[in-house]
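The values are calculated or read from the model by the stated rules, or taken from the named source; none is laboratory data. Bear in mind that the values here come from a model prediction, so they are computed numbers and not experimental data. Note: ideal-geometry Cβ built from the backbone for every residue, glycine included; neighbour counts use all protein chains shown. Side chains included, ligands, DNA and RNA excluded: accessible areas come from the protein's heavy atoms. Shrake-Rupley method; radii C 1.70, N 1.55, O 1.52, S 1.80 Å.
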Amino acid sequence: MTDRIRVGIIGAHAERGWARGVHLPALAGLDDYEITAIAATSEASARAAARAWGARHALTDPEALMAHPEVDLVTIAVQLPRRDGLVSAAVAAGKHVYSEWPLAGSAEQADQFRAQAQAAGVRHAVGLQSRHHPAVRHLRDLIADGIVGEVLSTSLTYSLSTPETWSERYAALFDATKGVNHLAVVGGHSLDMYRFVVGGFAEVSATLTTRIRRITMEESGRQIEVSSPDQIAVAGLLRSGAAASAHLMTGGPHGDGFRIEVHGRAGRLVLRSLDDSLVGPEFVLTHAAGGGEAVTVEVPGPHRPRTADEPVAVRNVRRVYADLAQAIRTGGPSEPDFGTALRTHRLLDAIRTSAETGRRQTLED
């Protein structure tokens, strides 16, 4: 490997998309990386994206990108239904991997990816970047420092405004059999951030229901049946013994975003978002000590972003890349990685099983 980590992007676009809007500026702000190759669905699209991304090589075959000698890290930025085999192929090619979330369709498959990467000796990251928001990290530190004393209970709520007319490219979101449905995407991002702050679940009970049962496709006007749950309600115990609940709500014209409450014997912490963005909100953190009034807590210097004027998601993804670069160079760990993804997939599988069977599920440590 050269001094800079050479990146190949699968799923880049010249003008739009998550990779163009977030991965490109995130990588551009890091001296550790150089974007060298792009793979897209057509030759024209690949060439246009390569020009926009400043890459030397434009390819239409993802496996050719993985085999390219000028690629050290493969970023897989395509949706899960179109990603079949790409993670395993990148690992088999001996490349480090950054995969978007969801990593897999199940915990079993995520465990296979983790084991393959470990056996190959490659480093890996997954797009669960919300845990790197400065306010989220500071909240975690405050709990660990005991500012609220022994944690008695915690709760997460998230509500998202959603239309009832969607583009065809989002149809998989409403299909319970697809790996990019509401439970996987909204549940995965929200619950990983929550687990990062309060700790893992030891056991869960869950209810899933679909309240908006039909949506309209924008391009054709056709209606499709919705099988993916839009209401996700979870209750259980954390490994600390604290009671925990999460209610994730999508549908309707208004959303209020995130609210995480942590109730302790010595006080309360509340983290709330200023909008209903799933992966890019700003947060306000308050602390009430004893029976006193809640006061706003400022994020301290070590967590404060260097460039506060750029999108939140860009800053968070940049932190994932920065930690991954350190892991690649030193051989040390970084998170979120495939192990992080595996734990989140196990939680989602337990939620689904509990809802289907009506039985409380126990999770492995």
Go through segment 252-268 residue by residue and tally those that are more than 18 Å from Ser190 (Cα to Cα) and in contact with a strand residue (DSSP E or B) (Cβ under 6 Å, 6 or more places away or on another chain). 4
Can you name the residue in segment 15-68 that is touching a Leu at 6+ places or on another chain (Cβ under 9 Å) and of a type in the set (Phe, Trp, Tyr) and, of all such residues, is nearest to Lys95 (Cα to Cα)? Tyr33
Tally time: how many residues in segment 208-249 are open to solvent by 10 Å² or more (accessible area, probe 1.4 Å), of a type in the set (Gly, Ala, Ser) and modelled with pLDDT under 95? 3
Could you list, in sequence order, all residues of segment 181-199 that are open to solvent by 20 Å² or more (accessible area, probe 1.4 Å) and closer than 20 Å to Arg211 by Cβ? Val185
Taking segment 14-34, which residues are in a helix (DSSP H, G or I) and either surrounded by fewer than 18 Cβ atoms within 10 Å (Cβ to Cβ) or not basic (Lys, Arg) (or both)? Trp18, Ala19, Gly21, Val22, His23, Leu24, Pro25, Ala26, Leu27, Ala28
Taking the criterion of being closer than 27 Å to Val186 by Cβ and under 17 Å from the mean Cα position of the chain (by Cα), would at least one residue in segment 288-311 satisfy it? yes
